[in-house]
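Structure, as structure tokens:
The values are calculated or read from the model by the stated rules, or taken from the named source; none is laboratory data. Worth saying up front: this structure is predicted, and the values here are computed from it rather than measured. A quick note on method: Cβ atoms are made from the backbone with ideal geometry, for glycine too, and the neighbour counts reach across all protein chains shown.
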Amino acid sequence: MSDTLSPRSADEVREAVQWAAAEEQPLEVLGTGSKRALGRPVQAAHALDLSALSGIMLYEPAELVISALAGTPLAEIEAALDAHSQELAFDPIDYGALLGQAPGAGTVGGMIGANLAGSKRLKFGAARDHILGMEAVSGRGEIFKSGGRVVKNVTGYDLPRTLTGSWGTLAVATRITLKVQPRAETEATFVISGLNAREATQAMTAAMGSSAEVSAAAHLPPEIAAVLSAHGHALSGAATLLRLEGFASSVDYRFAALKALLQGGGTVSRLEAEASRALWRDVRDCRAFAGTDELVWRISVAPTAGADFIARVQAAFACRAYCDWSGGLVWLAVSGPDPQADAVRAAVAGVGGGHAMLVRAPAPLRTAVAVFQPQPEALAALSARIKAQFDPHGVLNPGRMGS
Amino acid sequence: MSGIVMPRPDDEVLARRGEIVAALKRLVPGEGVIDAAVEMRAYESDALTAYRQLPLVVVLPETVEQVSAVLRYCHENNVKVVPRGAGTSLSGGALPVGDGVLLSMMKFNQVLDIDPANRAAVVQPGVTNLGITRAVEHLGFYYAPDPSSQIACSIGGNIAENSGGVHCLKYGLTTNNVLGLEMVLVTGEVIRLGGKHLDAEGYDILALMTGSEGLLGVVTEVTVRILQKPETARAALIGFPTSEDGGQCVADIIGAGIIPGGMEMMDELAINAAEDFVNAGYPRDAGALLIVELDGPEAEVDYLLGEIETIALRNKASSLRVSTSEEERNTFWAGRKAAFPAVGRISPDYLCMDGTIPRKALPEVLTRMRALGETHGLRCANVFHAGDGNLHPLILYDANQPGQLEAAEAFGADILKLCVEFDGVLTGEHGVGIEKRDLMPEMFTEDDLKQQQRVKCAFDPKQLLNPGKVFPVLHRCAELGRMHVHKGQLPFPDIPRF
């Protein structure tokens, strides 16, 4: 890494990309760099640092909308929302602890580039479900906008959503507009202790299929619960967690409904608001795998397939695992140096398909192994054509999503 | 709109019609190819009935292999293709072209898999929106997006238009409720996107397909999220002296942290037209009427209705009724749901517009709209998805009076420009189609539109799928791909570099 360009405006971003396209000089697109350890490493002589492109441009709480320049720290956005009792409903994961970095370091641009989501994705979706509009500079060095600031909008292709999760390989976002939501008045977690993986899947499936409006559901086997317990959470033995958010009377009512629905299996306890929030933050941020030298995978499968997936990989090699999203998200920690990529992807295919991303691994491994789920030929070709239409010279984050 | 020009049919393709029809009959045997003009009439327009055009030929495939074979043939032989679902588009999205195949997907009408444990259903694209709910309601589930045409419109068409409905503030649009697709590219290649899992493995092409108005591919299978039905739902009917008061009440409800399942507003003209039609008990003297529906656990609904009552009274509500039975709740909605036909009774013809504005702009937009009505000499009734800012002005006119259709269309265009002026958009849920195609430059720069068209080029470089829709100016892909580069110095040398 030698040279860093730090544009202060969308026009300067355009100049920088025009130069890069003309000279065929690849750029590594960065906010604070907090996600450089994620995805496939980029080899580029120049970095495009967007951290100077910072600031909330519009926030109208009654309209449930916020708009900010791409380099705005996510922490700044969350603080602004918090002051009006609002939040980003999709609960973006903070990778800091897992990647051995300071927490709270990312920008809104990085959040969109990586399509972040947290435990509440189960009910509220991911960043891609909440983006309303975007201004960006394509790899051609042209400024364009798409979407707007209103929720209902079908005026042209939905490029903001398409660019969410594109890891900066199609365009450099300069301004992002998001839908926000009122923060729940309170919350509680319904904890069932002592279930095995199969029983936990049944309990989570029953809860999600009821009208209790569970906003997050996770199962921690005993060895994972023990790690979180050491971090101060009141857990003992295997813990199946069901999160209830809303007005106090509603939370109590739904807690009672879950108790009636799930009676008979395991011991039930209740975590009140503060303890509940703290526990879910650590479940979301994969705190259980922080500070180790294991290689970490993030696997997305159908919710009922999560337990089966874990059983398959644990039969094949030694690993630790737990699931979030009612079984649909598996966090898997493998003792290196072999990330077991073939076995992981065979297990994904074996349980009906999905997506496995190698989240934490040394850079050489993230270059050698396909970090993202490989695509079938026709889909990979289509993705390459889309890339070529946005960035014909391949100057934006080359190799970030695959070789 | 009557001024909208479609691309000129290609005489060379028209001359090959016999050969094309014969080839398609080989690919889709039996009753799957319709080439007699009298039988093709049923396909000459969609719900934007002012525009009609017979297609070259109609094809109704039954299998993915047939869809693939038809598209491959058309691609290799440079024949245009217009995909069609139930034909309920209000923007002309399924208007045929005279030198192209009309590809109807309505034989794809099967529910393939209901998976309550994963809260998902897999259906074919010709299944109606309501058909999905009908297929899963015995398990206590439903499909959330509910466009008012839900009894007729197909899920494939919902994907093309990213359809909404009255519940989308709380439950999202089509794009938030679709988990996976199988689709056929214009080359005939079949690709699958997503599934019952949540994360996409590459670019979010699922998001791109949703709302792409049939320009990028043909959907052959859809995986949707299904939700457990709320335990209960109740509605409040609140009258206000003015739309300003009603608008402030909406802002205060959201400001109090309440996201209602549905929140609809009607103006005086719409209130009275609806009341004349269905006797829903609407307050005729109100300047604005708000219907607020709360759904969820009973304890929550009861609590929130109390909160909303307090907020409404603080905002000068002139009347307030809360439904006490399912029957009464349905009566409250009956007037709103019948608003379009109700307006149809008080005027020989009407045009339904579909802009979205930031909610706070409503009073000013309504005032400006009244002034525009005076300029154009026409009246306008307003129904408004107050929760999400989607406005449906109904422009009243009489097509038998010379000049009134043109005046209505000019009034409609002015309303949409007004929406854009207030930071809104041209279309919330009806699509651009042909209707708003020529207004796109009101909202987008040339570079904005060119980047959109380049996306099209990645899917359909010959631009054979649904031509003449969405984009006002057609550029050839080769022209769009050209890049003007100027070699030079590193940019902004005055900036500190590290």
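Descriptive notes on the structure:
- So B:THR331, is it hydroxyl-bearing (Ser, Thr, Tyr) and under 26 Å from the mean Cα position of the chain (by Cα): yes
- Of A:ALA79, A:ALA47, A:ALA83, all but one fail to be among the aliphatic types (A, V, I, L, M) and either surrounded by 22 or more Cβ atoms within 10 Å (Cβ to Cβ) or in contact with a Gly (Cβ under 9 Å, 6 or more places away or on another chain) (or both); the exception is A:ALA47.
- Helices (runs of 4 or more DSSP H) wholly inside the range A:1-119 containing at least 3 residues that are in contact (Cβ under 8 Å) with a residue 24 or more places away in the chain, within 14 Å of chain B (Cβ to nearest Cβ) and more than 24 Å from the chain's Cα centre (by Cα): A:10-23
- Residue count, the range B:459-484 (criterion: within 22 Å of A:ALA22 (Cα to Cα) and not in a loop (DSSP other than H, G, I, E, B)): 5
- Residue list for the range B:359-384, restricted to those being hydrophobic (A, V, I, L, M, F, W, C) and surrounded by 18 or more Cβ atoms within 10 Å (Cβ to Cβ): B:ALA361, B:LEU362, B:VAL365, B:LEU366, B:MET369, B:LEU372, B:LEU378, B:CYS380, B:ALA381, B:VAL383, B:PHE384
- Only one of B:GLU62, B:GLU31 that is touching a Lys or Arg at 6+ places or on another chain (Cβ under 6 Å), over 26 Å from B:GLU435 (Cα atoms), in a loop (DSSP other than H, G, I, E, B) and of a type in the set (D, E, K, R): B:GLU62
Residues checked against (1) in contact with a strand residue (DSSP E or B) (Cβ under 8 Å, 6 or more places away or on another chain); (2) under 16 Å from B:GLY194 (Cα atoms); (3) within 13 Å of chain B (Cβ to nearest Cβ):
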site	(1), (2), (3)
A:VAL301	yes, yes, yes
A:ALA361	yes, no, no
A:ALA378	yes, yes, yes
A:ALA381	no, no, yes
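- Taken together, the residues in the range B:221-263 that are touching a His at 6+ places or on another chain (Cβ under 7 Å) and modelled with pLDDT of 95 or more amount to 0.
- Scope the range B:228-250; condition in contact with a helix residue (DSSP H, G or I) (Cβ under 7 Å, 6 or more places away or on another chain) and part of a strand (DSSP E or B); matching residues: B:THR232, B:ALA233, B:ARG234, B:ALA235, B:ALA236, B:LEU237, B:ILE238, B:PHE240
- Residue selected from the range A:127-150 under the condition assigned to a loop (DSSP other than H, G, I, E, B) and more than 7 Å from chain B (Cβ to nearest Cβ), by the criterion nearest to A:VAL283 (Cα to Cα): A:HIS130
- Filter pass, A:THR292 being closer than 24 Å to A:ALA206 by Cα, touching a strand residue (DSSP E or B) at 6+ places or on another chain (Cβ under 9 Å) and either more than 14 Å from chain B (Cβ to nearest Cβ) or at pLDDT below 95 (or both): no
- Residues of the range B:142-181 that turn out to be within 11 Å of chain A (Cβ to nearest Cβ) and touching a Phe, Trp or Tyr at 6+ places or on another chain (Cβ under 6 Å), as a count: 0
- Number of positions in the range A:310-328 that are touching a residue at least 40 places away in the same chain (Cβ under 8 Å) and outside any helix (DSSP H, G or I): 6
- Helices (runs of 4 or more DSSP H) enclosed by the range A:165-275 - at least 3 residues per element that are within 11 Å of another protein chain (Cβ to nearest Cβ): A:197-208, A:248-261
- Meets criteria (under 26 Å from A:ILE131 (Cα atoms), more than 10 Å from chain A (Cβ to nearest Cβ) and assigned to a loop (DSSP other than H, G, I, E, B)) for B:GLY214: yes
- Residue match in the range A:263-284 (condition: among the polar types (S, T, N, Q), free of Cβ contacts under 8 Å to residues at least 40 places away in the same chain and either touching a Pro at 6+ places or on another chain (Cβ under 8 Å) or surrounded by fewer than 17 Cβ atoms within 10 Å (Cβ to Cβ) (or both)): yes
- Criterion (in a strand (DSSP E or B) and either of a type in the set (Lys, Arg) or outside the structural domain of B:LEU464 (by TED's automatic domain parsing) (or both)) met by exactly one of B:ALA160, B:ALA121, B:ALA144, B:ALA135: B:ALA121
- Checked against the criterion of being modelled with pLDDT under 95 and buried (at least 24 other Cβ atoms within 10 Å of the Cβ), the candidates A:VAL172, A:VAL154 yield just one match: A:VAL154.
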